[in-house]
């Protein structure tokens with residue numbers, strides 16, 4: 001299968017080159033797309049120098065919009081599967097095979113990376129992050145009926161034909177809403193989903209998240225609430 005990696009990145013000049021170089025060591029990956037989401041630093045230059053195909057957003061539009069751009073480009077270029085990962089060096093590119101194998105060999109449509117599944121791990125995770133990621137997974141389980149152990153980990157693999165049925169074009173999905181929206185709709189539409197154990201490493205000294213408290217927490221939560229209540233489709 002033709003497999004690409006999509007990396008949304010915003011001001012990741014310090015990390016993105018290393019991430020791309022490590023991804024390129026995975027023989028199965030034929031292209032690494034870095035979607036530069038309006039960075040004010042040299043993210044795009046560093047990514048290109050490391051060998052990525054760089055797509056530049058016109059301004060900072062949000063991770064959801066960046067992923068939408070990456071998915072569309074990968075499909076246009078003939079790729080069948082996309083692995084999504086962060087540009088902040090929190091994900092381990094050596095674990096890409098864990099996400100891809102179930103799609104290639106066992107017919108799965110989405111493989112969600114989980115730091116909390118058996119065999120998963122975290123490095124230097126803050127207590128607040130530990131509690132909230134587990135709480136969110138519980139909410140997602142209750143609302144979808146699928147036994148997610150990790151719903152906020154952006155490290156995942158997706159068969160791109162999923163987007164024949166899941167429409168990503170709504171403007172309200174531009175930021176942190178899009179990823180939980182995909183998971184919820186995938187369960188609702190009966191796609192074949194599983195989790196794979198992965199490791200998440202936090203860079204405490206450099207700040208472990210760009211999320212804005214309360215505002216972005218709501219953005220992650222509202223797709224699950226809106227879909228569950230029928231406010232959105």
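Yes/no per residue for (1) in contact (Cβ under 8 Å) with a residue 40 or more places away in the chain; (2) under 15 Å from residue 157 (Cα atoms):
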position: 42; (1), (2): no, no
position: 48; (1), (2): no, no
position: 55; (1), (2): no, no
position: 73; (1), (2): yes, no
position: 80; (1), (2): yes, yes
position: 90; (1), (2): yes, no
position: 100; (1), (2): yes, yes
- Hey, which of the helices (runs of 4 or more DSSP H) in the range 1-117, taking only ones fully inside, have at least 2 residues that are in contact with a helix residue (DSSP H, G or I) (Cβ under 8 Å, 6 or more places away or on another chain) and at pLDDT 95 or above? 16-23, 43-50, 63-76
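For (1) buried (at least 19 other Cβ atoms within 10 Å of the Cβ); (2) under 24 Å from residue 16 (Cβ atoms); (3) in contact (Cβ under 8 Å) with a residue 12 or more places away in the chain, each residue gets a yes or a no:
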position	(1), (2), (3)
96	yes, yes, yes
130	no, no, no
145	no, no, yes
148	yes, no, yes
- Does residue 140 satisfy the criteria of being in contact (Cβ under 8 Å) with a residue 12 or more places away in the chain and in a helix (DSSP H, G or I)? yes
- Which residue pairs have Cβ atoms under 6 Å apart, sit 6 or more places apart or on different chains, and have a first residue in the range 4-15 that is on the phi < 0 side of the Ramachandran plot and free of Cβ contacts under 8 Å to residues at least 40 places away in the same chain and a second that is surrounded by fewer than 24 Cβ atoms within 10 Å (Cβ to Cβ) and not in a strand (DSSP E or B)? 13/41; 13/42
- Just a yes or no: is a residue in the range 212-227 assigned to a loop (DSSP other than H, G, I, E, B) and farther than 16 Å from residue 132 by Cα? no
- Mind checking which residues of the range 185-211 are buried (at least 21 other Cβ atoms within 10 Å of the Cβ) and in a helix (DSSP H, G or I)? 186
- Query: For the range 168-180, which residues satisfy the criterion of being assigned to a helix (DSSP H, G or I), more than 12 Å from the chain's Cα centre (by Cα) and either touching a residue at least 60 places away in the same chain (Cβ under 8 Å) or crowded, with 18+ Cβ neighbours inside 10 Å (or both)?
  - Reply: 172, 173
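The values are calculated or read from the model by the stated rules, or taken from the named source; none is laboratory data. Only a predicted model underlies this, so the values are computations on that prediction, with no experimental measurement involved. Quick reminder, even Gly has a Cβ in these numbers, built from the backbone with ideal geometry, and neighbours come from all protein chains shown.
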